[in-house]
Every structure is written in structure tokens, then in C-alpha cells.
1. Could you compute the FRET efficiency for residue 13 and residue 70, with r as their C-beta to C-beta distance and R0 at 41 Å, rounded to 0.05?
2. At R0 = 41 Å, how high is the FRET efficiency between residue 150 and residue 63 if r is their beta carbon distance? Nearest 0.05 is fine.
3. How high is the FRET efficiency between residue 6 and residue 85 when r is their beta carbon distance and R₀ equals 22 Å, given to the nearest 0.05?
4. What list of ³J(HN,Hα) values in whole Hz, one per residue of region 157-165 in order, does the Karplus curve 6.51 cos²θ - 1.76 cosθ + 1.60 (θ = phi - 60°) give from phi, with Gly and Pro shown as x?
5. Tell me which residues come under 5 Å, amide H to amide H, from residue 91 once H is placed; ignore anything under 5 positions away on its chain.
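Computed from the coordinates by the stated procedures, all read-outs in this text should not be read as laboratory data. These figures come from a predicted structure and were not determined experimentally. All Cβ positions, even for glycine, are placed from backbone atoms using ideal geometry, and neighbour counts span all protein chains on display.
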Amino acid sequence: MVLDLYVAAAFSLGGAAYRFFSAHPDPAAMPILSLLIALALSTYAQCLFGLDRSSSAMVRCRLLPLKGWEILWAKDAAFLALLAVLVLPLDPLTGLTSGLVALALGHHASVMMTAPMRRWRFSGSRLFPGLVGGIGGLMMGFAEHQRGSLYFVAAVALWAASLALYGNVVSSRA
């Protein structure tokens, strides 16, 4: 996640500088940059529990007075807050739509698949879930930009359904 954050921040700062300091910025660049930021951060969506797979981490989850969906919500909220800040100067709805879809699709890989992950390494997921989450997020984000905010609402619904479904799985395992 460390390298992903720097790439996303570079896109955000570069895009904001282009938007505010260019004499005639191309409006088509803003949603594309928002999608690139969401794509750069989307790898985190596949490994939300990457470092929490140890037995002591699962004991901590059992001791918390939280339901599974609340644990997922807390992890998702951090991702969405960071994404919102980075896409705010560009095209927020497009970026957030893409990020919500990446989270919704990434919940499966985060909860159901155990990928080996080491601290400070740029890895932790599998190729197929990453491709599905990234491409799905790009498609919905682009559709939101082209067709309107109904796709944002659909992304929120998909994410909420995924949160409920995989929250139950987290509750049963923790």
C-alpha cells in the first residue's frame, strides 16, 4: 500500500496543478485522473485483512464488541476517506464510484482468500481478483462519468450488499 499511496498522491497533485494552473485544462482529463487514482489505491481493497491473519489478530477481533460488517466498515472508511481527499480536486463521483466497486469486489479476496503478505512489501493479493476489482471499478467509474450519478448509487448499493454479506463471514470467523 505504501507505493500505491505515493503514486495516487502524485496523480492527484499533478492533476490539481494542471486543473488550477493551466490556461485551458482539458475537462476530459479530470475523470481519467480520478480513475487512475482509484486504480492505484484499489490494490488495498484486496488485502484489507492482509496483516491481520495471525491468531493473535483474530483473537483481538473476537474481543472487540463489533460486528463483522463494522470491522469491514472501519477498514473501508479509511480507504474511502483517503480516496475522497485525493480525487476531490478532480472528479470526486467518478473516483468514488470506482473505489466503491473495487472495495465491493475486493471484499471477497480480503475475507475468503488468504494471500501471504509481509510488512512493507508491494504484494498481497492474487492476480484475478485484482484484475476483476480494477477493471470493474474502471468500468463503473467511467459509466458514472458518461451516464450520470445513477451508477454512483449502484456502486453504493453493490458496496453495501458486499459489506453485509462479507461482514457476516467475518463475524462467523472472528
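1. About 0.80, to the nearest 0.05.
2. Step by step, r from the Cβ atoms, then E = 0.50.
3. E between residue 6 and residue 85, to the nearest 0.05, is 0.95.
4. Values per residue, Gly and Pro as x: 5, 4, 5, 5, 5, 5, 4, 5, 4 Hz.
5. 34
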